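Just so it is clear, none of the values below were taken in a lab; they were calculated from the coordinates. The structure presented is a predicted model; accordingly, all values stated were derived computationally and were not measured. All Cβ positions, even for glycine, are placed from backbone atoms using ideal geometry, and neighbour counts span all protein chains on display.
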Amino acid sequence: MTPTMTDPTTATTTRQELIERLNDDLAREYQAIIAYVVYSQVLKGAQYMAIAKELVKHAGQELSHALRISKHIDYLGGMPCAEPKPVILTENPVEMLRADLQNENETIRAYRQRVLQCEALCEYGIAEDIREILREEQEHQIDLATALGEDPPDLSRR
Ligand SMILES: [Fe+2]
Ligand SMILES: [Fe+2]
């Protein structure tokens, strides 16, 4: 058993709280779509062309995540939100990649919690879908860290 499984915030999650948290996740997915659409086009410099192509792929995957999360919110009886988390606008390639990496780190932390919360409510189908999304978010994290010349950060501790 991992330490987070005994986290009291996980154990006491209600269906309503899960809807609210999933709406936070959806706002992060919208943020990711917007950031990848903008950054994939604005990135300049020969050394960034490979990652710019990857960001185009990320944008499509983030749209798929947003559709899946909004489906689960509707299934749980909630209303999917329509507001993204804020997106940093910059022309500095490293700042763009750094912002994307930080957002992916936040997303991965959030979805790890969400899987536990879904399972605590016996919502195994949603948990399974979030696990699949999580796998893609981790690939995004690796792509960004690699482009920045770093190892992916260890998110097992905050
Ligand atoms: Fe996503
Ligand atoms: Fe992502």
Label-point separation, Gln16 to Lys71 (7 Å along Cα→Cβ), nm: 2.8
Over region 44-84: Kirkwood hydrodynamic radius from C-alpha pairwise inverse distances, Å: 12.2
Expected 222 nm ellipticity per residue - DSSP helices of 4 or more, -39500 (n - 2.57), all of the chain, to 500: -24500 deg cm²/dmol
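Return the inverse of the average 1/r over all pairs of distinct C-alpha atoms in the chain, which is the Kirkwood hydrodynamic radius, in Å to one decimal.
Details: mean 1/r = 0.0617 Å⁻¹.
16.2 Å is the Kirkwood radius here.
Expressed in nm to one decimal, what extension gain is obtained for the pair Gln102 and Glu83 from 0.36 nm per residue of sequence separation less their Cα-Cα distance? Spell out each step's value before the answer.
Numbers: separation 19, 0.36 × 19 = 6.84 nm, distance 1.93 nm.
The Gln102-Glu83 span can extend by a further 4.9 nm.
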Karplus-derived HN-Hα couplings along region 117-132 (A = 6.51, B = -1.76, C = 1.60, θ = phi - 60°), whole Hz, x at Gly and Pro: 5, 4, 5, 4, 9, 6, 8, 5, x, 5, 4, 5, 5, 5, 4, 5
GNM top mover of Tyr36, Tyr75, Tyr111 - the chain, alpha-carbon springs below 10 Å: Tyr75
